[in-house]
Amino acid sequence: MTDRIVLPREMVRKNEFLCPADLRDLLYYNPVTGGLLWRLRPIRFFDETTRSALGNQAVWNARHAGHPALNCLAANGYLCGSILRTGYKAHRVAWAIYFGYWPSGYIDHENGVRTDNRISNLRDVTQQRNCRNQKLHSTNSSGISGVSLCRDSGKWRARIPRDGKMQFLGSFTTREEAAQARKRAERLLGYHENHGVAR
């Protein structure tokens with residue numbers, strides 16, 4: 001009799017993550033392209049339902065093995081999908097497969113492209129560091145993060161978030177002066193060079 005693991009349904013409801021070793025048995029990750037493919041699924045991931053575990057395995061492998069995995073585009077721009085009826089984000093799975101452990105924080109896409117899951121583009125960072133590599137917000141009217149025109153004075157204001165509060169950097173005659181003040185503050189606070197770039 002073949003040894004196999006029958007995953008309890010409670011695991012799906014609790015949204016517990018598979019260990020990286022199991023992910024490596026289920027998926028192939030290409031660190032150069034960032035793509036994920038389904039592997040031939042081992043028998044231990046199948047249980048007896050309407051057909052035998054071997055039958056379920058044969059049907060699943062015929063339909064999915066070698067095909068792209070976790071490639072659904074979510075509304076927030078990230079690639080995602082399900083593994084054994086549990087939802088996963090492709091970039092977090094890629095990290096876990098490559099390094100052998102789940103990321104401890106947020107996965108930052110260094111170039112700002114949320115579908116680019118090449119390992120060279122992924123960083124395990126804190127929420128704060130992740131926020132310091134954001135694209136230019138669509139509501140920004142000045143074209144520069146943290147810079148806005150004060151209609152009352154006609155001057156350009158520069159501000160930056162620091163320690164949970166918005167820090168005022170000054171009022172300036174030109175937009176360029178305000179932008180320089182903002183960039184200096186970003187460098188001092190460790191912002192990524194791509195922060196505020198329109199992508």
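Here region 19-41 is the region considered, the condition is being outside any helix (DSSP H, G or I) and of a type in the set (A, V, I, L, M, F, W, C), and the residue that is farthest from Pro103 (Cα to Cα) is Leu40.
When region 158-193 is filtered for residues that are charged (D, E, K, R), open to solvent by 80 Å² or more (accessible area, probe 1.4 Å) and touching a strand residue (DSSP E or B) at 6+ places or on another chain (Cβ under 6 Å), the ones remaining, listed by number, are Arg159, Arg175. The set of residues from region 82-105 being farther than 17 Å from Thr33 by Cβ and either of a type in the set (Phe, Trp, Tyr) or without any contact (Cβ under 8 Å) to a residue 24 or more places away in the chain (or both) comprises Ser82, Tyr88, Lys89, Arg92, Phe99, Tyr101, Trp102, Pro103, Ser104.
The values are calculated or read from the model by the stated rules, or taken from the named source; none is laboratory data. All values derive from a computational prediction rather than experimental measurement. So basically every Cβ, Gly included, is an ideal-geometry build from the backbone, and we count neighbours across all protein chains shown. Just so you know, the surface numbers come from the protein's heavy atoms only, side chains and all, with ligands and any DNA or RNA stripped out. Shrake-Rupley method; radii C 1.70, N 1.55, O 1.52, S 1.80 Å.
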